[in-house]
Amino acid sequence: MKLDRKLRMGLIGGGPGAFIGEVHRKASRMDGEIELAAGAFDIDPAKSKEMGKNLALDPKRVYSDYTAMIKAESALPASQRIDFVAVTTPNNWHFPIARDFLNAGFHIMCEKPMTLTSDEAKQLRDLVKKTGKVFGLMHNYTGYPMAKLARDMVKKGDLGKIRKIVVQYPQGWLATALEKTGQMQASWRTDPKQTGAGGCVGDIGTHAANLAEYISGLKITHICAELTTFVTGRPVDDDCNCLLKFDNGAKGVLHASQISIGEENNLAIWVHGEKGSLEWHQEHPNYLYTRGDNEPEKVWKRGNGYVGACSAAAGRGTRIPSGHPEAFLEAFANNYMNFCETVKCAIAGEKPSELALDFPGVEAGVRGMLFIETVVASSKSDQKWTAMKQ
């Protein structure tokens, strides 16, 4: 779908010193279909103004808070106002901001986890259905071409019926009380008022669970979990270990950690079926490994024609030839690319393609919150298994 203009983006968060907001800014403009037009960049109005100046935005489109932004943008003619807003704040702000912008008639791209509770997540799901607006959730790892290739291989039955899924996400950056040094990213992520009931499990465990469901096409039904806080005085978990059951009878293991010294962002997944297995590592994202019974291992390399021939989604998400690495920013951009096309179709009153709809949405947000709450409940329970609400 083509409009005669770029989509106009508003950004909430991403002020001075923020990490993920800058990633959204870079990724959203990668394909030249989106322009940043407005924002409320920081809870401190002065810092928001400073960021707007750094970005060379019209000062009238740089707001003191998101409510002022809704009021002012809604008053602009349709030819000028933003089309969608990207929510890149700490977790506790996701729900009210997304809710209020949806009610005002704007499309949403939201960071994960989507809300602080599953009740809030379900409210957003109902609101998305009521308003008919496009809602994207930035589980960025689903944007990697080789993750899409893995998903399509499983979907086509190349591995046979799935039996076991092992997924991990170890980090080491919170192995000490970094939050006590004033480091901003550590401070809000370890504050339950801002991050929610889950620390490590909410921050990165949800990525692992989302990737397992995305690639396998299965749903987690039961969890046996243990959450641990290793750093003294930290009010949220910093280590998570789970056994999983899936809706086809498959079993799973998920572990996430932020106290694993030496680990960086070692998200990886192994999927084992009756006919074969696959393996993918986020830190080496351009390669997918597949194995059959009594066969040599195959290495699939991003950018080659055989990848696109096997998976149209993987081919669509590839921008440069093989041998030139694509990674983190491009994965974000792939989700933005599909979200952008879907928003353009919504504006034009057209139906988006299945490929354009290949980005996490509000349902993934509900699944993420149910996962967090089930892990927390299981960790507190004496029962071996805790059912995850569907």
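Read-outs: derived from the displayed coordinates by stated rules, not from any lab. As the structure is a prediction and not an experimental result, all values here were calculated from the model. Cβ sites come from the backbone with ideal geometry, for glycine too, and all protein chains shown count toward neighbours.
Pull out the extension gain between LYS180 and ARG5, defined as 0.36 nm times the separation in residues minus the alpha carbon to alpha carbon distance; nm, one decimal.
58.4 nm
What distance in nm lies between label points placed 7 Å from Cα along the C-beta direction at HIS324 and ASP293?
Going from the HIS324 label point to the ASP293 one covers 4.3 nm.
Cut-off 10 angstrom, C-alpha nodes, Gaussian network model of the chain. Which of HIS324, HIS207, HIS272 fluctuates the most?
HIS324
Any lysines with Cα under 17 Å of the LYS130 Cα? List them, leaving off those in the same chain fewer than 8 positions away.
The reachable lysines, counting only those whose Cα sits under 17 Å from LYS130, are LYS122.
Rg (Å, one decimal) plus Dmax (Å, integer) for the alpha carbons of the range 1-88?
Taking only Cα atoms of the range 1-88, I get Rg and Dmax of 12.3, 39 Å.
If a/c stays under 1.5 just call it rounded; otherwise compare a/b with b/c (prolate if a/b is bigger, oblate if not). Do that for the range 112-238, with a ≥ b ≥ c from the square roots of the Cα gyration tensor eigenvalues.
oblate
Considering only the chain, what is the antiparallel percent among its DSSP beta bridges, to the nearest 5?
Roughly 60 percent of the beta bridges in the chain run antiparallel, per DSSP.
Are there trypsin sites (Lys or Arg not before Pro) in the range 279-355 that DSSP marks as loop and that have at most 11 other Cβ atoms within 10 Å, and which are they?
Sites meeting the loop and neighbour criteria: none at all.
Please give the per residue volume of the convex hull enclosing the alpha carbon atoms of the chain, rounded to a whole number of Å³. Could the numbers behind the result be given before it?
Values: hull volume 55.6 nm³, N = 390.
Dividing the Cα hull volume of the chain by its residues yields 143 Å³.
DSSP loop GluC sites (Glu not before Pro) in the range 180-288 with at most 12 other Cβ atoms within 10 Å of their Cβ, which ones?
GLU264, GLU274, GLU283
Nearest 500 deg cm²/dmol is fine: what mean residue ellipticity at 222 nm does the chain get from its DSSP H runs of n ≥ 4 alone, each adding -39,500 (n - 2.57), divided by its residue count? Don't jump to the answer; show the numbers that get you there.
Details: 13 runs with 137 residues, N = 390.
Counting only the DSSP helices, I get -10500 deg cm²/dmol.
Starting from the Cα of LYS49, draw a straight line to each of the lysines and keep only those under 16 Å, dropping any in the same chain fewer than 8 residues away.
LYS60
What is the count of Lys pairs in the range 240-390 whose alpha carbons sit under 26 Å apart, if the two are 8 or more places apart or on different chains?
For the range 240-390, qualifying lysine pairs total 12.
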